[in-house]
1. Filter segment 166-197 down to residues that are polar (S, T, N, Q) and closer than 19 Å to Leu44 by Cα and give me whichever is farthest from the chain's Cα centre (by Cα).
2. What about Val163, is it part of a helix (DSSP H, G or I), in contact (Cβ under 8 Å) with a residue 60 or more places away in the chain and within 20 Å of the chain's Cα centre (by Cα)?
3. Being outside any loop (DSSP other than H, G, I, E, B) and within 20 Å of Asp183 (Cα to Cα) is the filter here, so list the residues in segment 20-61 that pass it.
4. Would you confirm whether any residue within segment 60-75 is surrounded by fewer than 21 Cβ atoms within 10 Å (Cβ to Cβ), of a type in the set (Phe, Trp, Tyr) and touching a Lys or Arg at 6+ places or on another chain (Cβ under 9 Å)?
5. Does Val82 qualify as being at pLDDT 95 or above, under 14 Å from the mean Cα position of the chain (by Cα) and not in a helix (DSSP H, G or I)?
6. Report yes if some residue within segment 137-159 is within 23 Å of Gly45 (Cα to Cα) and either in contact with a His (Cβ under 9 Å, 6 or more places away or on another chain) or hydrophobic (A, V, I, L, M, F, W, C) (or both); otherwise report no.
7. Output the residue which, of all residues in segment 166-202 that are polar (S, T, N, Q) and part of a helix (DSSP H, G or I), is surrounded by the fewest Cβ atoms within 10 Å (Cβ to Cβ).
8. Can you say whether Phe27 is touching a residue at least 12 places away in the same chain (Cβ under 8 Å) and either among the small types (Gly, Ala, Ser) or surrounded by fewer than 22 Cβ atoms within 10 Å (Cβ to Cβ) (or both), as far as the supplied structure shows?
Amino acid sequence: MSRFPAIPPEERTEAHDKLENGLAEVFSKGPSQIEWKGSSGTILGPYSPLLYTPEIAEPWFNLALTVTRQQRLTMREKELAVLAVLAEYDAPYVLYTHSQVAIAVGLSQEQVQQAVDGEAPNGLSESEAEVYSFALELARLRGPMDSAVFDNAKSALSRDRMVGLAHIVSGFIYTSMLCNVSDGEVPAPAEGAFVAKSRHRK
């Protein structure tokens, strides 16, 4: 049984319905083989525990959409930032979904695996390599950032892109925490779909 089973119909609120409708819309725009409901109909990933705090669910979802839709970073750059988080955090559902999203935005299987392994992928543009490197520094950050690291990143990335990356990295650390507090159900990948191997489980 799920640690966070579906909210009974008599306990559902408008916030629950809004989140579920929003999820259906978001996932309809991604790779069609990605599943966001388990075999029992329970919502997967960070969303099943999120529904237990309905007053937070809607603003969290709105912020998540705003962070991931920012225009200062390309789709590939955003996915490289997510993969940098996965190099440091073992979040199986995030790995399942974003391995496939990264492929959909044009990264190769090899590049996705290298990024999840904590290595700058081969064949990136200079900008993409800088984005991945800074995102990995952010994912590893456990205290104030060293001035040399900041200055090096600033010479390659504008301040707004640096902060935009901080939003994505911290947002996906948050997402990983919500995923991992649940029972971590991850669907089997569809035939032919690629999911990177986590270096935390090798």
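The values are calculated or read from the model by the stated rules, or taken from the named source; none is laboratory data. For clarity, every value in this text was computed on a predicted model and none was experimentally measured. No Cβ is skipped: glycine too gets one built from the backbone with ideal geometry, and neighbour counts run over all protein chains shown. Each accessible area value is taken on the protein alone, full model and side chains, heavy atoms only, with ligands, DNA and RNA left out. Shrake-Rupley method; radii C 1.70, N 1.55, O 1.52, S 1.80 Å.
1. First pass over segment 166-197, keeping only residues polar (S, T, N, Q): 170, 175-176, 180, 182.
From the residues that got through so far, the ones that are closer than 19 Å to Leu44 by Cα too are 175-176, 180, 182.
Working: Thr175: 7, Ser176: 7, Asn180: 13, Ser182: 16 Å.
Checking each candidate, the answer is Ser182.
2. Working: part of a helix (DSSP H, G or I): yes; in contact (Cβ under 8 Å) with a residue 60 or more places away in the chain: no; within 20 Å of the chain's Cα centre (by Cα): yes.
No.
3. At the first step, the residues of segment 20-61 found to be outside any loop (DSSP other than H, G, I, E, B) are 20-28, 37, 43, 47-50, 54-61.
Correct list: Glu20, Leu23, Lys37, Ile43, Tyr47, Ser48, Pro49, Leu50, Pro54, Ala57.
4. The answer is yes, given that some residue of segment 60-75 is surrounded by fewer than 21 Cβ atoms within 10 Å (Cβ to Cβ), of a type in the set (Phe, Trp, Tyr) and touching a Lys or Arg at 6+ places or on another chain (Cβ under 9 Å).
5. Details: at pLDDT 95 or above: yes; under 14 Å from the mean Cα position of the chain (by Cα): yes; not in a helix (DSSP H, G or I): no.
Judged against the criteria, Val82 is not a match.
6. If we filter segment 137-159 for residues that are within 23 Å of Gly45 (Cα to Cα), which is where we start, we get 138-140.
From the residues that got through so far, the ones that are either in contact with a His (Cβ under 9 Å, 6 or more places away or on another chain) or hydrophobic (A, V, I, L, M, F, W, C) (or both) too are 138-139.
Scanning segment 137-159 turns up at least one residue that is within 23 Å of Gly45 (Cα to Cα) and either in contact with a His (Cβ under 9 Å, 6 or more places away or on another chain) or hydrophobic (A, V, I, L, M, F, W, C) (or both).
7. Step one: filter segment 166-202 for residues polar (S, T, N, Q), giving 170, 175-176, 180, 182, 198.
Of the ones still in play, those that are also part of a helix (DSSP H, G or I) are 170, 175-176, 180.
Details: Ser170: 15, Thr175: 24, Ser176: 23, Asn180: 17.
The selected residue is Ser170.
8. On the way: touching a residue at least 12 places away in the same chain (Cβ under 8 Å): no; either among the small types (Gly, Ala, Ser) or surrounded by fewer than 22 Cβ atoms within 10 Å (Cβ to Cβ) (or both): yes.
When the stated conditions are applied, Phe27 does not pass them.
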